[in-house]
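Data block below; observations after.
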Amino acid sequence: FYAYQTAVSKPFIESKIPLSSNPEEFMHGSQSDTIELCEKALEQIAKFESGNADFKIWKKDEFEDSDLTPKQRADAVCTILDRLHPGRVQEILGRTSLYYFGGTRVGSVPGFSLMEIIGSESISRLVEVQFEFPKIIRSAIAFELKENVNGSKIVCCRVFEQTTSKRPEEDPGQCLGIINLCEDDTYSYEVY
């Protein structure tokens, strides 16, 4: 995994392209084998998680960005792949996160601003929640904020299979269902 992750991220690091970049910026920084390398890295994660992996212990100093945690490395690869090939992370790992979608594939209904309602710290926790859904999700629209019995915030999102050239709230298409993401790292969903 680390070898693939390093090969994937090096061109983006050298070009100083941040993970918060839009898909067009990612395309500019990608190379012909970027998607393939991302897929191989995630396949290694899937093998490791299933218990079917043989892996080598790498020395920390073998990688330029060795100060990154394993989760940060995985999130970087997932973000790059999902921006270049929407839905592919979920296809490989069986789960995804709104963090991987970026700002162009996550929207909100008019008049509903999560930033104004709950602030950036809670938003960060909510978009990083890993979740499964039986269909491949490529965009989401936040439409409601709730609290559970423990006082944790829950954001409710309609989820969609397609991406569009517009922000999701402008052209959502057919809704696949609803995902409820809780800041305590739990989730629930309803499929339509």
**Study point:** Difference of contour (0.36 nm per residue) and Cα-Cα distance, residue 192 to residue 136
**Key:** 18.8 nm
Revision key, fill the gap. So, over other residues within a Cβ distance under 12 Å of residue 144, counting Lys, Arg +1 and Asp, Glu -1, the net charge is +2
Practice item. Quick one: which residues, 5 or more positions from residue 138 or on another chain, have an amide H under 5 Å from its amide H? H modelled 1.01 Å from N in the peptide plane, none for Pro or chain starts. Key: 160, 161, 162
Review point. How long is the gain from residue 95 to residue 46 if the chain were fully straight, where each residue apart is worth 0.36 nm and the alpha carbon distance is subtracted?
Key: 16.6 nm
Check your understanding: Taking K and R as +1 and D and E as -1, what net charge do the other residues with C-beta under 15 Å from the C-beta of residue 39 add up to?
Key -> -1
Review point. So if R0 is 22 Å, what FRET efficiency would residue 174 and residue 145 give, r being the distance between their Cβ atoms, rounded to the nearest 0.05?
Key: 0.35
Point to revise | Solvent-accessible surface ranking, highest first, for 82, 185, 33, 75 at 1.4 angstrom | key: 185, 33, 75, 82
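The values are calculated or read from the model by the stated rules, or taken from the named source; none is laboratory data. This is a predicted model, so every value here is computed, not measured. Ideal geometry is used to build each Cβ from the backbone, glycine not excepted, and the neighbour counts take in all protein chains shown. SASA here: full protein model, heavy atoms, side chains in, ligands and nucleic acids out. Shrake-Rupley method; radii C 1.70, N 1.55, O 1.52, S 1.80 Å.
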